[in-house]
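What follows is a short report on a single structure.
The values are calculated or read from the model by the stated rules, or taken from the named source; none is laboratory data. Every value quoted in this text rests on a predicted model; they were computed, and no experiment measured them. Backbone-built Cβ (ideal geometry, glycine too); neighbour counts: all protein chains shown. These accessible areas exclude ligands, DNA and RNA; they are computed on the full protein's heavy atoms, side chains included. Shrake-Rupley method; radii C 1.70, N 1.55, O 1.52, S 1.80 Å.
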Amino acid sequence: MVAARMAVEDFGASVLGRPIQVVAADHQNRVDVGAHRAIAWLEREGVDMITDSLNSAVAIAVSHVAAKRRRIVINTGAASTRLTNEDCSPYFVHHTYDTYALAHGTGAAVVKEGGKTWFFLTADYPFGHSLELETGTVVLAAGGKVLGAARHRFNAADFGAPLSAARASGAQIIGLASAGGDMINAIRTAAAQGLGQRQSIAGLLVFTSDIHALGLEATQGMYVTEAWYWDLNDATRGWARRFFERMKRMPSMVHAGTYSAVTMYLRAVGATGTDDADTVMKWLRANRHTDMFGKNMRVRADGRLLHDMYLLQVKKPAESKMPWDYYHVRRVIPAAEAFQPLSASRCPLVGRR
């Protein structure tokens with residue numbers, strides 16, 4: 001909400017002579033709640049664009065709701081590649097990151113470092129399934145092996161059984177195909193129980209806030225893939241400090257992505273002189289986009305926003321020079337490499353305009 005409101009303020013608070021309003025709702029990670037809230041916004045409350053949509057199952061449902069009503073969704077939080085494949089929409093933009101980019105960034109780096117055998121702890125909903133599949137594909141392509149997986153419900157309270165199965169597998173790498181609280185709880189449980197000497201954890205979706213919560217002692221050396229980091233350059237640092245003044249914590253890539261998504265949408269409305277969804281989407285696809293999130297970004301036919309990604313490695317405690325100084329940038333992953341090639345798309349919109 002704060003990131004979206006910052007974008008509105010920076011744009012000028014109005015567009016086409018009308019004030020810009022930001023509304024928000026908590027979908028509670030429930031598909032039905034998210035879908036019903038979206039219907040109310042789009043049919044009765046005059047909402048033109050929905051952003052964030054964190055949680056892949058909710059995002060898929062909201063995208064379907066919006067497409068039927070010819071309204072735009074610019075997703076910044078959900079990751080499943082289904083959103084630009086089987087469930088793609090002419091009114092949907094997948095902005096910030098996805099499971100393909102996470103798998104090919106972190107998964108490839110870990111295999112290259114010698115992590116050849118994997119066992120997955122997977123959140124049992126579309127995001128987790130997609131991340132496990134994408135990362136497993138990367139591991140196999142690199143000559144590694146996937147020894148198994150244990151699925152857990154979203155917001156699981158107990159990771160004892162899944163971690164016991166992971167230890168019993170003998171896999172070198174325990175891949176966490178989960179995020180947020182599930183990922184944090186799994187790492188904390190693993191630390192409390194103790195892993196085998198030859199086993200390591202790979203967090204496949206890790207936010208800066210997760211590193212902050214877990215601490216560098218517990219996460220040092222971990223590879224992570226992100227779309228944005230607050231300490232990349234002067235532009236990211238400047239915006240992050242403004243965000244910090246309001247929130248007293250540094251922003252994640254989803255905060256930065258939400259700012260960028262709202263900015264892109266408002267620029268499109270201003271440039272076209274209308275909030276008609278077809279006209280706005282045509283403009284978004286026809287133009288390149290640059291802001292503090294990325295440079296020369298473009299929206300592909302399947303809705304994927306193309307931009308660079310970053311392979312990061314968590315610093316050792318002694319290497320961190322100040323609060324929130326958590327990452328070494330190990331590699332810039334070019335946009336053309338970071339995301340699924342269009343030739344592999346399963347989106348029915350590909351090949352049509």
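Computed quantities for the displayed model
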| read-out | value |
| --- | --- |
| First in segment 327-343 and farther than 18 Å from residue 95 by Cβ, second anywhere and modelled with pLDDT of 95 or more, Cβ under 7 Å, 6 or more apart | 327/229; 327/315; 328/315; 329/310; 332/308; 332/310 |
| When residues of segment 82-118 are limited to those that are assigned to a helix (DSSP H, G or I) and open to solvent by 10 Å² or more (accessible area, probe 1.4 Å), the one farthest from residue 175 (Cα to Cα) | 82 |
| Positions within segment 230-243 being surrounded by fewer than 19 Cβ atoms within 10 Å (Cβ to Cβ) and either without any contact (Cβ under 8 Å) to a residue 24 or more places away in the chain or touching a Ser or Thr at 6+ places or on another chain (Cβ under 7 Å) (or both), in sequence order | 233, 234, 237, 241 |
| Residue identified as of a type in the set (D, E, K, R), assigned to a helix (DSSP H, G or I), surrounded by 15 or more Cβ atoms within 10 Å (Cβ to Cβ) and modelled with pLDDT of 95 or more among 246, 267 | 267 |
| Which numbered condition residue 294 misses (of (1) in a loop (DSSP other than H, G, I, E, B); (2) open to solvent by 70 Å² or more (accessible area, probe 1.4 Å); (3) modelled with pLDDT of 95 or more) | (2) |
| Pairs where the first residue, in segment 204-229, is more than 18 Å from residue 182 (Cα to Cα) and among the aliphatic types (A, V, I, L, M) and the second is part of a helix (DSSP H, G or I) and open to solvent by 20 Å² or more (accessible area, probe 1.4 Å), C-beta under 6 Å, 6+ apart | 216/317 |
| Single condition residue 261 does not satisfy, out of (1) open to solvent by 30 Å² or more (accessible area, probe 1.4 Å); (2) assigned to a helix (DSSP H, G or I) | (1) |
| Residues satisfying the stated conditions in segment 1-41, i.e. open to solvent by less than 90 Å² (accessible area, probe 1.4 Å), more than 22 Å from residue 264 (Cα to Cα), part of a loop (DSSP other than H, G, I, E, B) and at pLDDT 95 or above | 27 |
| Cross-chain or 6+ apart pairs with Cβ under 6 Å, segment 286-308 first and of a type in the set (Val, Ile, Thr), then not in a loop (DSSP other than H, G, I, E, B) | 299/93; 299/284; 299/285; 299/305 |
| Segment 5-17 residues that are without any contact (Cβ under 8 Å) to a residue 24 or more places away in the chain, paired with ones that are of a type in the set (Phe, Trp, Tyr) and open to solvent by less than 50 Å² (accessible area, probe 1.4 Å) (beta carbon under 7 Å, 6 or more apart) | none |
| Candidates 114, 77, filtered to the one that is under 12 Å from the mean Cα position of the chain (by Cα) and farther than 15 Å from residue 304 by Cβ | 77 |
| Hits in segment 53-81 (condition: in contact with a Phe, Trp or Tyr (Cβ under 8 Å, 6 or more places away or on another chain) and open to solvent by 10 Å² or more (accessible area, probe 1.4 Å)) | 55, 57, 67, 70, 71 |
| Residue list for segment 54-69, restricted to those being outside any loop (DSSP other than H, G, I, E, B), over 20 Å from residue 252 (Cα atoms) and free of Cβ contacts under 8 Å to residues at least 60 places away in the same chain | 58, 61, 62, 63, 64, 65, 66, 67, 68 |
| Strands (runs of 3 or more DSSP E) within segment 132-215 that include 1 or more residues open to solvent by 60 Å² or more (accessible area, probe 1.4 Å) and charged (D, E, K, R) | 145-152 |
